[in-house]
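The values are calculated or read from the model by the stated rules, or taken from the named source; none is laboratory data. Fair warning: this is a prediction, and the values are worked out from it, not measured in the lab. As a convention, Cβ positions derive from the backbone with ideal geometry for all residues, glycine included, and neighbour counts pool all protein chains shown. SASA here: full protein model, heavy atoms, side chains in, ligands and nucleic acids out. Shrake-Rupley method; radii C 1.70, N 1.55, O 1.52, S 1.80 Å.
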Amino acid sequence: MPELHTTLGALDREAIDLILPHEHVFTDLGPMEERAHETADLEEVVEVVGPEIERAKEAGVTGIVEPTPRGVGRRVDAVEAVSEATDFPIAVATGIYQEPRIPEWAREAGEDELTEWMIEELTEGVEEAETQAAFIKVSTDDDDPEALSDDEETILRAAARAGAETGAAIGSHTLYADMVETQLDVIEDAGYTADRFVWIHAQAEDDLDRHVEIAERGAWIEYDWIGGDDQPDAAYVERIERLLAADLGDQLLLSQDRGWYDPSEPRGGEVKPYTYLTDEFLPALREAGIDEATIRQLTEDNPFDAFAR
């Protein structure tokens, strides 16, 4: 039976309900050379983020997927500290971020070495902690919609090979549909399948026809800036209704891209609550006529199916 690997162990479908599939706990967006994440105070991280996790629990959230990879200050030991303090399961990622934040060691590693590293983190535990990674996070350059860099393609091919070995999903921060198609070509050429690919930040692509086309190819479509950008809830409702009408609701994920403690900011900066989706957006879906069974599918079944293995 599939299980979702989390900071509290591997959980089956009956052990977890509403899952937010793209929320951050700890991410370092400061200059890479400052390496602020390396000296973060984990007690302060818990003090800052823990209360927001508790509020999410009160709102009915039973787990989150934390997609921070290497290159933006991943500290799974910090995520574990928050999880332990709040008794709350959090799924974490292996993988590497986009240009220009790819670490030098990853640029120097070959495809084989990166594949082995990802498999080890997925099956034994991540480097800086004990938790097994649930999935693989990759990314593409926001400023180049045309092509993967050589290093991004090497990382993606390694992710595909590690995914084929373990069954892990590949989630990619990608803003353009054309780039997603390119990524899917690379993944399939490397021996993996489109149905284990999650298009993170799909809402950045304005053409809804492309969302449908990529879902029909097999990929998951993740709308994950809900309540957090300049797009109104009605725009997200429209996207969801479009995919539901195309009978693609079982490939749709909803989240907010909220949180988080940023060690480059004083006391972690502003932490945005994880509760917009439960408090504001799900009522908007109900008002639009989306039934409870569909809402459960979107918020419980789909995230588990996407990230469990």
Scanning segment 179-193 residue by residue, those aliphatic (A, V, I, L, M) and not in a helix (DSSP H, G or I) turn out to be 190
For residue 211, the lone unmet condition from (1) surrounded by fewer than 20 Cβ atoms within 10 Å (Cβ to Cβ); (2) more than 26 Å from residue 103 (Cα to Cα) is (1)
Turns out the strands (runs of 3 or more DSSP E) fully within segment 194-297 with at least 3 residues that are touching a Leu at 6+ places or on another chain (Cβ under 8 Å) are 220-223, 252-254
Of the residues in segment 230-241 that are surrounded by fewer than 15 Cβ atoms within 10 Å (Cβ to Cβ) and among the charged types (D, E, K, R), the one that is nearest to residue 67 (Cα to Cα) is 230
Across segment 120-177, the tally of residues that are open to solvent by 30 Å² or more (accessible area, probe 1.4 Å), closer than 28 Å to residue 225 by Cβ and in a helix (DSSP H, G or I) stands at 2
Scanning segment 194-208 for residues that are more than 19 Å from the chain's Cα centre (by Cα), touching a residue at least 24 places away in the same chain (Cβ under 8 Å) and open to solvent by 40 Å² or more (accessible area, probe 1.4 Å) gives 207
Reported set for segment 261-293 where residues are closer than 25 Å to residue 199 by Cα, open to solvent by 30 Å² or more (accessible area, probe 1.4 Å) and of a type in the set (Ser, Thr, Tyr) is 276
Contact list, first residue from segment 217-229 and at positive phi, second anywhere and of a type outside the set (S, T, N, Q) and open to solvent by less than 10 Å² (accessible area, probe 1.4 Å), beta-carbon distance below 7 Å, six or more apart or interchain, is 218/194; 227/277; 227/281
Report whether or not residue 84 is in contact with an Asp or Glu (Cβ under 7 Å, 6 or more places away or on another chain), open to solvent by 10 Å² or more (accessible area, probe 1.4 Å) and not aliphatic (A, V, I, L, M).
-> no
